[in-house]
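The values are calculated or read from the model by the stated rules, or taken from the named source; none is laboratory data. Predicted model only: the values in this text are computed from it and were never measured. Neighbour counts are summed over all protein chains in view; Cβ atoms, including those assigned to glycine, are modelled from backbone coordinates with ideal geometry. Side chains are part of the model used for accessible areas, which takes the heavy atoms of the whole protein and leaves out ligands, DNA and RNA. Shrake-Rupley method; radii C 1.70, N 1.55, O 1.52, S 1.80 Å.
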Amino acid sequence: MLQEEEDLSLTIAHIVQKLKGSRLYSQLERQAWVSLQKPEIKLESLKEDIKEFFKISGWEKKLQNAVYSELTVFPLPRHPAAPPEHLKEPLVYMRKAQRPVVEQKELLNKWNEMGTDEPDLSLFRPVYAPKDFLEVLINLRNPNYENGDHLNLKTHLGLIQVPLKVKYISELKEFFIELSLNTGQLGIDDATQVPPELFENEHVRLGQKVLAEQDSAAAQQYIRQGSPTALRAELWALILNVSNQPEDLLYYEQLKSNVIQHDLLVDSLIYKDVKLTASNDDYYFVFEDYLYQVLLCFSRDTSVLGHFAYNSASPPKSYIRGKLGMEDYAVFYPPNGVIPFHGFSMYVAPLCFLYHEPSKLYQIFREMYVRFFFRLHSISSHPSGIVSLCLLFETLLQTHLPQLFYHLREIGAQPLRISFKWMVRAFSGYLATDQLLLLWDRILGYNSLEILAVLAAAVFAFRAVNLMEVTSLAAAEAVLADLSTLKVMPLLQIFLFATIT
């Protein structure tokens, strides 16, 4: 009990500190001063009167949304006395897969002696694709179970060989209970309880009420059953606490000015990625200019560095004026600390269907990235991290579709080699856009990326008959090459609640 109270105190202190530096804090101060000028505010009941004023004027709701937004991003401390790097990532062997700050300093100290302690660089490339990243994850090992003496590792025949805790199917059913067969869902054409058109009409009415209330928590719960197309942009902005105020527009213009004034090497990576991915996509090629604008501004946005407080990785660092090792001359590069990989632009592309004002589009993407997408290309033990998603996917297949799993494994077509690219891009570029947005509704609604692993397993289950007939990895990839006709919600419902007990 005492530990929980200490954890809660730390979380409250973090949120208060974060809010003190926000625009909302300044606005609340101004409103409090305005309220003091009102005759109904009495000195003897000052605190209660100001609280009542905030409630009536709507500022209390804005504060609640800001606090709720911080709580969804900043996790409760696992141990208040733990060093910062332990709070970022609790498992030692996961931290060692990064290059932590201490190791960076050690490398600087051994700068003239690197030949005596050369690391294995065979698995690294300057710019990587998902398949390169997968090879790194496959080689992750917990040194405590180096000989495979952990029970789960003995029985797990997939590519991921680290003993992380992932949800059982019973836990997934409970977690995604709103996706059950007797619950209304947008994205289902033949609901059994209520005709789709009646459910949709009532759901739209409820969504409008949620937006009128401007309650982030209610919006997050609501969107678990899907968002009506006409309300999605506003609902996502409410959940992500994006309001696009004049200060936000000014900040975006400053980033734009930085792009215009300064040419960065990372710009070439962005241009290359957009050309190779979104520009060749039938859905997204029309948004090419938007993608450049958002991603080039993103690379200059130093506020993104804040997410490294809960990201297991550390931003790459360089030193100016030749002052190697002197922290006063240290700079992060790129300025946002994020090096884009092949396919990175596909995190932005679907959002272009919802937001056509560059500033708001940018803010929505930035929030989606620092809450969710960064976990898809960072090595960590987090349940929504890509390592856990891979392990969850393989465990679901091996446990509930063992015949298919063993068949594909025997012919050299490990399922993860096919599904990894779907998950690392959150299925962007693989599903039809309307289906992808329904999927991302649930990511926001459940504040979790685990649904990506469940959907990947559901796709394999759906194509199981065809996959049982293939005899090579190439043939298996051909069976799963086109996902654009799939309907996301029926697949998820059938996999979780109809076929698996």
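Brief remarks on what is shown
- Test result for Glu253, open to solvent by 70 Å² or more (accessible area, probe 1.4 Å), modelled with pLDDT of 95 or more and of a type in the set (Asp, Glu): no
- Among the residues of this structure, Glu394 counts as one that is more than 22 Å from Asp282 (Cα to Cα), acidic (Asp, Glu) and modelled with pLDDT of 95 or more.
- Against the numbered list (1) among the acidic types (Asp, Glu); (2) modelled with pLDDT under 85; (3) surrounded by 17 or more Cβ atoms within 10 Å (Cβ to Cβ), Asp263 comes up short only at (3).
- Residue in the stretch 211-225 that is more than 23 Å from the chain's Cα centre (by Cα), within 30 Å of Ser419 (Cα to Cα) and not in a loop (DSSP other than H, G, I, E, B) present: no
- The lone exception for Leu483 - which of (1) open to solvent by less than 10 Å² (accessible area, probe 1.4 Å); (2) part of a helix (DSSP H, G or I) it fails: (2)
- Residue selected from the stretch 452-469 under the condition without any contact (Cβ under 8 Å) to a residue 60 or more places away in the chain and either hydroxyl-bearing (Ser, Thr, Tyr) or part of a loop (DSSP other than H, G, I, E, B) (or both), by the criterion surrounded by the most Cβ atoms within 10 Å (Cβ to Cβ): Arg463
- Pair list, Cβ < 9 Å and 6+ apart or interchain, from the stretch 288-305 residues that are over 17 Å from Val331 (Cβ atoms) and touching a residue at least 60 places away in the same chain (Cβ under 8 Å) to residues that are assigned to a helix (DSSP H, G or I) and of a type in the set (S, T, N, Q): Leu291/Ser279; Leu291/Ser345; Val294/Ser345; Cys297/Asn258
- Verdict on Ala476 being open to solvent by less than 10 Å² (accessible area, probe 1.4 Å) and modelled with pLDDT of 95 or more: yes
- Residues of the stretch 395-413 satisfying the condition of being out of contact with any helix residue (DSSP H, G or I) (no Cβ under 6 Å at 6 or more places or on another chain) and farther than 15 Å from Val479 by Cβ: Thr395, Thr399, His400, Pro402, Gln403, Tyr406, Arg409, Glu410
- If you go through the stretch 405-451 and keep only what is open to solvent by 10 Å² or more (accessible area, probe 1.4 Å) and either touching a Cys at 6+ places or on another chain (Cβ under 6 Å) or on the phi > 0 side of the Ramachandran plot (or both), you end up with Gly412, Gly429, Asn447.
- For Leu467, the stated conditions hold: it is over 26 Å from Ser279 (Cβ atoms) and more than 18 Å from the chain's Cα centre (by Cα).
Conditions tested, residue by residue: (1) modelled with pLDDT of 85 or more; (2) open to solvent by less than 20 Å² (accessible area, probe 1.4 Å).
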{"site": "Tyr284", "(1), (2)": "yes, yes"}
{"site": "Tyr290", "(1), (2)": "yes, no"}
{"site": "Thr302", "(1), (2)": "yes, no"}
{"site": "Ser318", "(1), (2)": "no, no"}
{"site": "Gly322", "(1), (2)": "no, no"}
{"site": "Met326", "(1), (2)": "no, no"}
{"site": "Tyr329", "(1), (2)": "no, no"}
{"site": "Tyr333", "(1), (2)": "yes, no"}
{"site": "Val338", "(1), (2)": "yes, yes"}
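- Residue ranges of helices (runs of 4 or more DSSP H) in the stretch 385-435 with at least 2 members within 25 Å of Arg371 (Cα to Cα): 386-400, 415-424
- Of the listed requirements (1) modelled with pLDDT of 95 or more; (2) farther than 23 Å from Ser345 by Cα, Thr501 misses just one: (1).
- Tally, over the stretch 201-237, of residues that are among the β-branched types (Val, Ile, Thr) and crowded, with 17+ Cβ neighbours inside 10 Å: 2
- The helices (runs of 4 or more DSSP H) found entirely in the stretch 117-196 that carry 1 or more residues being at pLDDT below 85 and closer than 17 Å to Pro383 by Cβ are 151-155.
- The residues listed here are Ala330, Ala309; of these, the one that is within 20 Å of the chain's Cα centre (by Cα) and under 30 Å from Ser381 (Cα atoms) is Ala309.
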